[in-house]
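The values are calculated or read from the model by the stated rules, or taken from the named source; none is laboratory data. These figures come from a predicted structure and were not determined experimentally. Note: ideal-geometry Cβ built from the backbone for every residue, glycine included; neighbour counts use all protein chains shown.
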Amino acid sequence: MFKNLNSGKKLKWLGAVILLALVLVYFLAIKETLHLAGDCRLKEQKLQQSKQLEQTVVLLRNEIKNLDRQIGSQPDTTRKVMDLLLDNITEYCNSNGCTIKEIPAAAQAVNNGYEIETYFITLEGSFKQLLSLAYLLEQKKKTGGHIASLLFQVTKNNNTKKQELLLTLYVQHYNKI
């Protein structure tokens with residue numbers, strides 16, 4: 001059959017046969033190889049992610065331990081929180097001209113396995129001085145408690161007939177039971 005064809009037609013048939021052979025090779029061998037290579041890449045990515053997850057879990061556990069330590073699971077038993085607060089506040093007030101007005105007894109509550117002590121401290125001074133004290137206690141000094149709330153009030157002192165700016169600090173300390 002191919003003996004009667006001229007070289008141009010033989011070349012066309014050869015091209016068609018080569019094209020058919022390439023299609024068959026692709027579907028029988030190359031397609032499966034590409035599919036397996038893609039699966040291999042996905043599994044390698046999942047393996048890398050699992051290695052990163054192990055590191056992330058270790059970091060999260062360390063962070064949880066640090067948070068537990070901060071909220072009182074391992075409290076500093078050498079000095080009480082109130083003593084540290086009073087030392088810091090007294091030192092600040094003496095150097096900056098603020099006045100401690102009132103320190104009532106601490107309120108205590110128990111919730112979800114934690115004992116929560118809340119200290120209320122009322123101070124008098126200028127806004128800048130009182131705000132600087134709140135910043136100092138929250139960011140710079142480590143007293144074992146954290147400032148839960150601030151309440152600024154302007155009151156009129158009937159004895160001096162002047163207005164006073166008062167700051168009530170609500171400091172909370174958590175102990176793990």
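Restricted to the stretch 114-134, and to residues there that are over 30 Å from the mean Cα position of the chain (by Cα) and within 13 Å of Thr168 (Cβ to Cβ), the residue that is surrounded by the fewest Cβ atoms within 10 Å (Cβ to Cβ) is Thr122.
Conditions (1) surrounded by 10 or more Cβ atoms within 10 Å (Cβ to Cβ); (2) modelled with pLDDT under 90; (3) within 30 Å of Lys128 (Cα to Cα), marked per residue:
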residue	(1), (2), (3)
Lys9	yes, yes, no
Ala29	yes, yes, no
Gly38	yes, no, no
Thr78	no, yes, no
Asn112	no, yes, no
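Is there a residue in the stretch 86-96 that is part of a strand (DSSP E or B), under 32 Å from the mean Cα position of the chain (by Cα), at pLDDT 85 or above and not polar (S, T, N, Q)? The answer is no, given that none of the residues of the stretch 86-96 is part of a strand (DSSP E or B), under 32 Å from the mean Cα position of the chain (by Cα), at pLDDT 85 or above and not polar (S, T, N, Q).
Given the criteria touching a residue at least 12 places away in the same chain (Cβ under 8 Å), surrounded by 13 or more Cβ atoms within 10 Å (Cβ to Cβ) and closer than 27 Å to Leu67 by Cβ, does Tyr92 qualify? Here the answer is no, as Tyr92 does not meet what is asked.
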